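Beneath this line is the structure, given in structure tokens, with notes to follow.
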Amino acid sequence: MTSFISKFNAQNVLMRIALAILAAAFLFYLLPDCASRVAFAKNAIQEDSDDDKDAEPRDDENWFNSESVSGATDVEFRVDNTVRFIRNERESKYSSSTVFHGDLAFDFVGDNGEIVVYSFRAQKFVLIDPIRRMRSVIDESELDRFTDRIREILREKEKKDGFTTFMTNPSFTISRKDDEFFFQSRWIDYRAKTIPLDNEQIADAYFRFVEAMGKLNVYMNPGSLTPLARIEANRKFMEESRFPEKITTEIYPKGKTIFTKTYQIENESTLARRLSERDHSRVARAVQFFEQFQYVSFKTYFEKTSSR
């Protein structure tokens, strides 16, 4: 488990993704038969990636430009995230911020970490690597196809454990007490402390981004399972117009038993309804990077990022 966290910490990939959504990859690597599942996922990503040329996509500049950043909508807010991974009394902690500005959501980790930008209108991601000075683009539709592919591969396996079955078709017993929601199953439990979310535009933007980011997590981390369990919880929050301030996840890789070992993830989020001067500065910096950095295909970007 230590090697798993160290690997992605060195890449800055786990840090960014874990803070936007509870990492499905983290759950997956706790399970047996990892090597074969990683191989399945890697084969799928290679077969599905026809984009092997580093030519600039023709529509790239049309949706990520000064107009989209200047305020296509009146919604501007920020979500600050802290995630703690807890196993055997050892804790790893990561933090990030997601700035929602106009048509775009900017996900930042640190000052020099990878920047991920999502367009609600175009349903595309821009990935910006400040260290290697390169950027890439990927459509959400491609992420959907890949997620479905992984789910099909897992379902077709001759030997399926209960956790895999659950992650491909999650179902919870849901209850609520005041501001707390409880999602219970044999494999994963969520306990969420929430606050009212009375702005429909903020709610729509936040939950759309979180769901899209969950799909990107699966795509960027070959071997991870689908993000459907967390998506199922998020849809309940959206139905109830609640913002999850703190989510505690208990993971039971072998199912709930008397002597079962559990793994815990704590996700704390704070909603800031106004952007600061620093937020606007970071957005401007991301746009500048986009204009200056070399475009590469996602395949090239993924390979170079993974090799760090």
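Taken over segment 265-283, the criterion of being of a type in the set (Gly, Ala, Ser) and without any contact (Cβ under 8 Å) to a residue 60 or more places away in the chain is satisfied by Ser281 alone. Looking only at segment 253-295, which residues are assigned to a helix (DSSP H, G or I), in contact with a Lys or Arg (Cβ under 8 Å, 6 or more places away or on another chain) and surrounded by 14 or more Cβ atoms within 10 Å (Cβ to Cβ)? Hits for segment 253-295 are Asp279, Phe289, Phe290.
Is it fair to say Glu152 is under 28 Å from Lys254 (Cα atoms), at pLDDT below 90, under 22 Å from the mean Cα position of the chain (by Cα) and surrounded by fewer than 15 Cβ atoms within 10 Å (Cβ to Cβ)? Considered against the rule, which asks whether it is under 28 Å from Lys254 (Cα atoms), at pLDDT below 90, under 22 Å from the mean Cα position of the chain (by Cα) and surrounded by fewer than 15 Cβ atoms within 10 Å (Cβ to Cβ), Glu152 comes out as yes. When each of Glu245, Glu211 is tested for being charged (D, E, K, R) and closer than 23 Å to Ile86 by Cα, the lone residue that passes is Glu245. One residue alone among Glu266, Glu277 is among the acidic types (Asp, Glu) and within 26 Å of Ser92 (Cβ to Cβ), and that residue is Glu266.
The single condition among (1) farther than 17 Å from Phe77 by Cβ; (2) in contact with a strand residue (DSSP E or B) (Cβ under 7 Å, 6 or more places away or on another chain) that Lys256 does not meet is (2). If Tyr263 satisfies every condition in (1) modelled with pLDDT of 85 or more; (2) touching a Leu at 6+ places or on another chain (Cβ under 8 Å); (3) of a type in the set (Phe, Trp, Tyr); (4) farther than 22 Å from Phe209 by Cα but one, which is the exception? For Tyr263, the failing item is (1). In summary, strands (runs of 3 or more DSSP E) completely within segment 80-174 and bearing 3 or more residues that are hydroxyl-bearing (Ser, Thr, Tyr) occur at 90-101.
The values are calculated or read from the model by the stated rules, or taken from the named source; none is laboratory data. Because the structure is predicted, anything quoted here is derived from the model rather than measured. Note that each Cβ is placed from the backbone with ideal geometry, even for glycine, and that neighbours are counted across all protein chains shown.
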